[in-house]
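Here the structure comes first, spelled out in structure tokens, and everything after it is commentary.
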Amino acid sequence: MIQNDIKGRGIKDKKALDAMARIPRHLFVEERLRERAYADYPLPIGDGQTISQPYVVALMTEALRLKPGDRVLEIGTGSGYQAAVLAEIVKEVYTIEIRKSLADIAEKRFRELGYKNVKVKYADGYFGWEEYAPFDAIIITASANHIPPPLIRQIKEGGRLILPLGNTVYYQMLTLLTKKKGDLDVEQMGSVAFVPMIGEAEKRR
Ligand code: SAH
């Protein structure tokens, strides 16, 4: 997986590559899917949701330019795999999941795998996590047609936010924002396909 699908497609960030080489991805999917856990595509995790394709996890992780002391917020915990990758790299990870069953399973996984630097919250991630803000980086792993304003406020000066931005369910533009002197620098990174963000983000579509 690392050689062909990730390095082979140009990911160079050693921190991301090392983290993904260490993490047992098969423990983030149901038992019946374990044999396919390292394949080059997303897999179902229940409730119509998916664990992202390994390459996309690597691409988003690299784009965030993480440093060991960083505090990162993730919206869309899902299986918990992306949060685990972040937790191997940075000091603190906060992750929010709107579906209770998924939040509970991920929380149990983090406990069993010994991730003590990940905090899970069952809530609508649209509003971020004020109590621990601001964050060095924010990663939204569900698509939206706009950037939730509360999340923009919760990025530190110099901080980064990445999300699949777009209106259609089939593909969105992976978009990286960097906060510079209060302004946002925008970089488009190519198209991806994510499940949509539900809750407040949907009401404002
Ligand atoms: N990062 C995950 C994959 C995310 S799939 C992983 O590594 O496995 C997208 C997830 O976003 C789903 O679990 C979905 O329930 C969640 N989600 C959708 N809308 C949300 C919202 N408003 N707040 C928090 N989570 C949301």
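The values are calculated or read from the model by the stated rules, or taken from the named source; none is laboratory data. Small disclaimer: the values here were computed from a predicted structure and weren't measured. Here the Cβ is made from the backbone with ideal geometry for all residues, glycine too, and neighbour counts use every protein chain on show.
A search for C-beta distances below 6 Å between a residue of the stretch 160-187 that is over 15 Å from residue 140 (Cβ atoms) and any residue that is among the basic types (Lys, Arg) and outside any strand (DSSP E or B), counting only pairs 6+ apart in sequence or on different chains, returns nothing.
Hey, does the stretch 161-175 have a residue that's in contact with a strand residue (DSSP E or B) (Cβ under 8 Å, 6 or more places away or on another chain) and closer than 17 Å to residue 98 by Cα? Looking through the stretch 161-175, at least one residue is in contact with a strand residue (DSSP E or B) (Cβ under 8 Å, 6 or more places away or on another chain) and closer than 17 Å to residue 98 by Cα.
For the stretch 63-94, filtered to residues that are among the β-branched types (Val, Ile, Thr) and in a loop (DSSP other than H, G, I, E, B), the residue that is nearest to the ligand (Cβ to nearest atom) is 77. Checking 152, 139 one by one, the residue that is aliphatic (A, V, I, L, M), surrounded by fewer than 17 Cβ atoms within 10 Å (Cβ to Cβ) and within 22 Å of residue 57 (Cα to Cα) is 152 and no other.
Report the residue count in the stretch 1-24 for those that are within 28 Å of residue 108 (Cβ to Cβ) and part of a loop (DSSP other than H, G, I, E, B). Residues that pass the stated criteria total 3. Going by what's in this entry, would residue 103 be described as closer than 25 Å to residue 183 by Cα, of a type in the set (A, V, I, L, M, F, W, C) and within 12 Å of the ligand (Cβ to nearest atom)? The answer is no for residue 103. Can you name every residue in the stretch 104-126 that is over 19 Å from residue 57 (Cβ atoms) and under 16 Å from the mean Cα position of the chain (by Cα)? Answer for the stretch 104-126, where residues must be over 19 Å from residue 57 (Cβ atoms) and under 16 Å from the mean Cα position of the chain (by Cα): 107, 119, 121, 122, 123, 124, 126.
When each of 59, 27, 33 is tested for being within 15 Å of the ligand (Cβ to nearest atom), out of contact with any strand residue (DSSP E or B) (no Cβ under 9 Å at 6 or more places or on another chain) and either touching a residue at least 12 places away in the same chain (Cβ under 8 Å) or not in a loop (DSSP other than H, G, I, E, B) (or both), the lone residue that passes is 27.
Would you check if there is a residue in the stretch 47-63 being surrounded by fewer than 19 Cβ atoms within 10 Å (Cβ to Cβ), at positive phi and among the small types (Gly, Ala, Ser)? Yes.
Test residue 49 against the criterion of being near the ligand (Cβ under 9 Å from one of its atoms) and out of contact with any strand residue (DSSP E or B) (no Cβ under 8 Å at 6 or more places or on another chain), and give yes or no. Against the criterion (near the ligand (Cβ under 9 Å from one of its atoms) and out of contact with any strand residue (DSSP E or B) (no Cβ under 8 Å at 6 or more places or on another chain)), residue 49 qualifies. Criterion applied to 29, 72, 90 was being under 13 Å from residue 141 (Cβ atoms), modelled with pLDDT of 95 or more, crowded, with 19+ Cβ neighbours inside 10 Å and β-branched (Val, Ile, Thr), and the one residue passing it is 72.
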